[in-house]
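Have a look at the structure below, then the notes.
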Amino acid sequence: MTTTLDQLPNRLAADRDRAFPDLVRALQDGIFSGTLQFTRNRQDAEDVTQETFVRVYRALTSYDEDRIRDLQLRPWVWTIALNLCRNRARTLNRRPEAALNDDRIDRTTDTAEEAAANIDLATWRRRLTRLTDPQRTAIVLHHVVGLSYTEIAESTGRSESTIRSDMRRGLARLRTMIEEETQ
Amino acid sequence: MTDPTAIETRLAALGRSAPDGILDAVMRQTDLADDYSLIEGPTGPAYVAWNGRGITAFVPTEAVGSRDDFETRHPREATFVDAPPKRLEKHLERTIETGRLGRLPVDLSSIGEFQRKVLEKCSEIPPGEIRPYGWIAREIGNPGAVRAVGTALGRNPVPVLIPCHRVVRTDGRIGNYAYGSPMKRSLLEHEGLDPEAIETQARQGVRLVGSDTTGIYCYPTCRHAKRITDAHRVEFRSDAAAENEGYRPCKVCRPAA
């Protein structure tokens, strides 16, 4: 069963339980790719992705049909995912010892190709960590996940022009970082 | 290296596929993925489905033959397993044996308030007894909603276990059933009722019976009505007729408001 994201709100409103698995299928790669950059490691990203969809489902059960039909699914799901990432980061800051074993997952690989891809992932995560929160969020959601400026504005509750300037400044900082690394 | 398109391309390459099993884990945590199995019901084999909250479906194979058919008409994903978990199986056996819901957990979480009230009230009707749709409507404080009660019972996700076969037409006739009138009759017969006698009594206009020694009137299948001996048995066409004769309604089967 293939459905585009546009049809999903109507299907969810009409038959929530049948349509919900398609929502997970349609959005899980994006949520996982993004949360990989917003959490410490792969395990955290997996947990947050799972928890996001559990919360999405619970929210859907409390919404009436009209509200579901009007949902902008991707930004809405990302609002939930971003909250979970923020909560998780906050908990880790209160328990610093838990934050120490940072990139453990990146070593659980089989092939050289995967290992290279994971080193790349770790390198970028380190760079992205040095940006401000809004800059990182804007860049990851747009360039890694593929959300539009409008969608990012909606999921973060910030204006589109703010998103644009966060993006511009963040990319400039990344460029400087890469230059410094190669010097 | 510092070319902006390069940064953007490299960022785009950081996308990853979600690990296998996310969907399964989410489905389990939201109780959306049901398991189901084939068990022996009171009048033949039946598919029974459940999730973490309780039973979600009960369908006699007489109504739905193959597993494919069952999975297609089930409102959620369903995976066949050999048998229900032990605890659930024990409660199921007891419910089927006694005809009472007892402590069997049923998942009514995706069901609306009104239908839930109807189904809960319905499960109070003891085995071997029947009540009209209007009785449920009155008991849940919505005496005008007789038709809505019929619709709610017609959509009972767990027939047999929640005994909607014990609810009959206001005129006393046995009436329709989601799985056809013959199955309703055989379920009632299995509980010791005589469907033919019920229909005959209905045709004769007998809705209620009373005892001239106690001055109390009941639905004919109420356990107190069954104790009335022929010599003292009085038949009524309506509660008004019974009240006119100075009878009062039974407090157990509550045939009038």
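The values are calculated or read from the model by the stated rules, or taken from the named source; none is laboratory data. What you see is a predicted model, and the numbers here were worked out from it, not measured in a lab. Heads up, the Cβs are rebuilt from the backbone with ideal geometry, glycines too, and the neighbour counts pull from every protein chain shown. Keep in mind that these areas ignore ligands, DNA and RNA; they rest on the heavy atoms of the full protein, side chains included. Shrake-Rupley method; radii C 1.70, N 1.55, O 1.52, S 1.80 Å.
Show me, for the range B:239-247, the HN-Hα J-couplings you get by feeding each phi into the Karplus relation (A = 6.51, B = -1.76, C = 1.60, θ = phi - 60°), rounded to Hz, glycine and proline as x.
Going residue by residue, I get 5, 4, 4, 5, 4, 4, 8, x, 8 Hz, with x marking Gly and Pro.
Rounded, prolate or oblate, given the Cα gyration tensor of the range B:29-98, with a/c below 1.5 counting as rounded?
Note, shape of the range B:29-98 comes out oblate.
Cβ neighbours within 10 Å, averaged per peptide: list A:171-182, A:10-21 in order, most packed at the top.
A:10-21, A:171-182
Please compute, over every Cα-Cα pair in chain B, the percentage with a separation greater than 33 angstrom.
Of all Cα-Cα pairs in chain B, 33 percent lie more than 33 Å apart.
For an R0 of 60 angstrom, estimate the FRET efficiency from the Cβ-Cβ distance between B:A257 and A:E160 and round to the nearest 0.05.
After rounding, the FRET efficiency stands at 0.45.
So if we plug the beta-carbon distance of B:R73 and A:N10 into 1/(1 + (r/R0)^6) with R0 = 25 Å, what FRET efficiency do we get, rounded to 0.05?
It comes out at approximately 0.70.
Take every residue in peptide A:15-27, count the Cβ atoms of other chains within 10 Å of its Cβ, and give the average of those counts.
4
Summarise the accessible area of the protein assembly as shown (1.4 Å probe, protein heavy atoms) by the percent that is carbon and sulfur.
Within the protein assembly as shown, the accessible surface is 46 percent carbon and sulfur.
Among B:H165, B:H91, what's the order by accessible area (1.4 angstrom probe), most exposed first?
Correct descending sequence by accessible area is B:H91, B:H165.
From the phi of every residue in the range A:58-75, what ³J(HN,Hα) in whole Hz does the Karplus formula 6.51 cos²θ - 1.76 cosθ + 1.60 yield, where θ is phi - 60° and glycine or proline is x?
Karplus-based 3J(HN,Hα) across the range A:58-75 equals 4, 5, 4, 5, 9, 8, 7, 4, 5, 5, 5, 4, 8, 5, 8, 4, 4, x Hz.
I want to make sure I understand the PRE zone here: with the label point 7 angstrom from the Cα of B:E245 toward its beta carbon, which residues in the range B:204-232 have backbone N atoms less than 15 Å away?
B:205-220, B:225-226, B:228-232
Buried accessible area between B and A (1.4 Å probe, both chains summed, ligands and nucleic acids excluded), in Å² to the nearest 100?
So the total buried area for this chain pair works out to about 3000 Å².
Rounded to the nearest 0.05, what FRET efficiency do B:R116 and B:T213 give with R0 = 41 Å and r taken as the Cβ-Cβ distance? Could you check?
Here the calculated transfer efficiency is 0.55.
What residues qualify as long-range amide H neighbours of B:A57, i.e. H under 5 Å apart, gap of 5 or more or another chain, H built at 1.01 Å from N?
Here the answer is B:A49, since their amide H atoms fall under 5 Å of that of B:A57.
For the pair A:A116/B:R233, report the inter-label distance in nm, with labels modelled 7 Å from Cα in the Cβ direction.
9.1 nm
Using a 10 Å cut-off around each Cβ of peptide A:58-66, what is the average number of partner chain Cβ atoms that fall inside?
1
How far apart, in nm, are the 7 Å Cα→Cβ label points at B:S186 and B:T98?
2.6 nm
Testing the spin-label approximation: label points 7 Å from Cα along Cα→Cβ at B:R87 and B:A197. State their distance in nm.
Result: 4.2 nm between the two label points.
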